[in-house]
Amino acid sequence: MSSPTSDTATPSSAILLVFGSGLMFSCLDTSAKYLGSVGLEPPFVAWTRFAVHLVLAFLILQPWRNRGVRAIASPPRQVLRALFLFGSTAFNFLALKTLQLADTVSIFFFAPMVITALAGPLLGEWAGWRRWIAVLVGLVGVLVITRPGYGTFETGHLYALCAMMSYSLYVIMTRAMSTTETAESLIFYSALIPVILMAPTVPFYGSVPEGALQWGVLFSLGIFGGFGHWLLIQAYRRASASALAPYPYLQMVWMVTLGYLVFGDLPDRWTVGGALIIVTSGLYIVHRERRLRLKANSVPNTETSTMAKKL
């Protein structure tokens, strides 16, 4: 039997777990959009999402007993990484006040292309010309959705782009810190730091939800986010990251469905067309990186392997 981490092994259970995580993240965005529609401020909603996340992480990781949680190699980098994650969430919630769920997730799908572009100067992982073309094609998809200059680009699109950029930098920092920081500390401090640093803003943005429904939806944010990440971790224990890379795009199914059921929204032809361009570009990058990984593993000569990555 193939190893669960081999490039060819993609168990159906792992795919279902990724699909389930997409449902959780879609419920998170749907809940945030609902709370914004009833008047709660996105920065406060984002802070509450991380506060609930922190409580869950505290109970599960038990930092008073788990030394891995307390081990920090670089506090400044932990702070910066956590702020990028919080920025991604807060900007996304701001975007959801005016944009459809399908719009925000379509722009968010451009993140793998941005990560590919930034990995060169920031991590030394330079992409070849084929992947750079895929990045540019993905950018065309973003322009199709936002259509700047045609009176359709609005503040919500700018917030969605900021959310996507913040998430891309968060992933880049996670890659860079994965060899020096423990997994437990990365999980715990990504919640603790935003809650502490953003707490002074709560009196300015905070508001009291009206009724049990709004309270329940507000506190569900951390549960949806935490459970979604847990499902994703379980999926990656069953299959490799490269094997599962195409399946997060299935989240679009949940976003369109929930957008229609909860808000009566359906994406227009520009959003659908732009999303198809972005997804196609992202899938090509996944395919190309997988081929290069297999080629590098089959070539013992380091110089030849490096040359292959330039193709």
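A short reminder: the numbers here are calculations on the coordinates, not readings from a lab. Predicted, not measured: the structure shown is a model, and the values here were computed from it. Cβ placement follows ideal geometry from the backbone for every residue including glycine, while neighbour counts extend to all protein chains displayed.
Couple of notes before you dig in:
- Shape of the stretch 174-252, Cα gyration tensor, a/c cut at 1.5: oblate
- Taking each DSSP H run with n ≥ 4 as -39500 (n - 2.57) and averaging over every residue of the chain yields -25000 deg cm²/dmol at 222 nm.
- Approximate shape of the chain as ellipsoid semi-axes (Cα gyration tensor, √5λ), whole Å, largest first: 31, 26, 18
- Full extension of the chain between Glu154 and Ser220 yields a length gain of 20.9 nm, computed as 0.36 nm times the residue separation minus the alpha carbon distance.
- Exposure rule at most 15 other beta-carbon atoms within 10 Å, DSSP loop GluC sites (Glu not before Pro): the chain longest free segment: 1-124
- Based on the Kirkwood approach, the hydrodynamic radius assigned to the stretch 15-102 is 14.9 Å, with every pair of different Cα atoms included.
- Once each of the trypsin sites (Lys or Arg not before Pro) sitting in a DSSP loop with at most 11 other beta-carbon atoms within 10 Å is removed, the chain keeps 66-309 as its longest stretch.
- Normalised by residue count, the stretch 83-232 yields a Cα convex hull volume of 152 Å³ per residue.
- Gain on full stretching of the segment that runs from Ser207 to Thr98 - 0.36 nm per residue minus C-alpha separation: 37.3 nm
- Residue-by-residue Karplus 3J(HN,Hα) for the stretch 257-272, coefficients 6.51, -1.76, 1.60, Hz, glycine and proline x: 4, 5, x, 6, 5, 8, 10, x, 8, 10, x, 7, 5, 5, 5, 4
- Working note: Karplus 6.51/-1.76/1.60 with θ = phi - 60° gives the stretch 114-123 the couplings 5, 4, 4, 5, 7, 4, x, x, 8, 10 Hz, where Gly and Pro are set to x.
- Gyration tensor verdict on the stretch 60-167 (Cα atoms; rounded if a/c is under 1.5, prolate if a/b is larger than b/c, oblate otherwise): oblate
- Spin-label proximity, Val79 to the stretch 188-211 - amide N less than 20 Å from point 7 Å beyond Cα toward beta carbon: 188-202
- Derived scalar couplings ³J(HN,Hα) [the stretch 38-44; Karplus, 6.51 cos²θ - 1.76 cosθ + 1.60; whole Hz; x for Gly, Pro]: 9, x, 6, 6, x, x, 5
- Cβ-based net charge around Met198, under 13 Å, with every Lys or Arg adding one and every Asp or Glu removing one: 0
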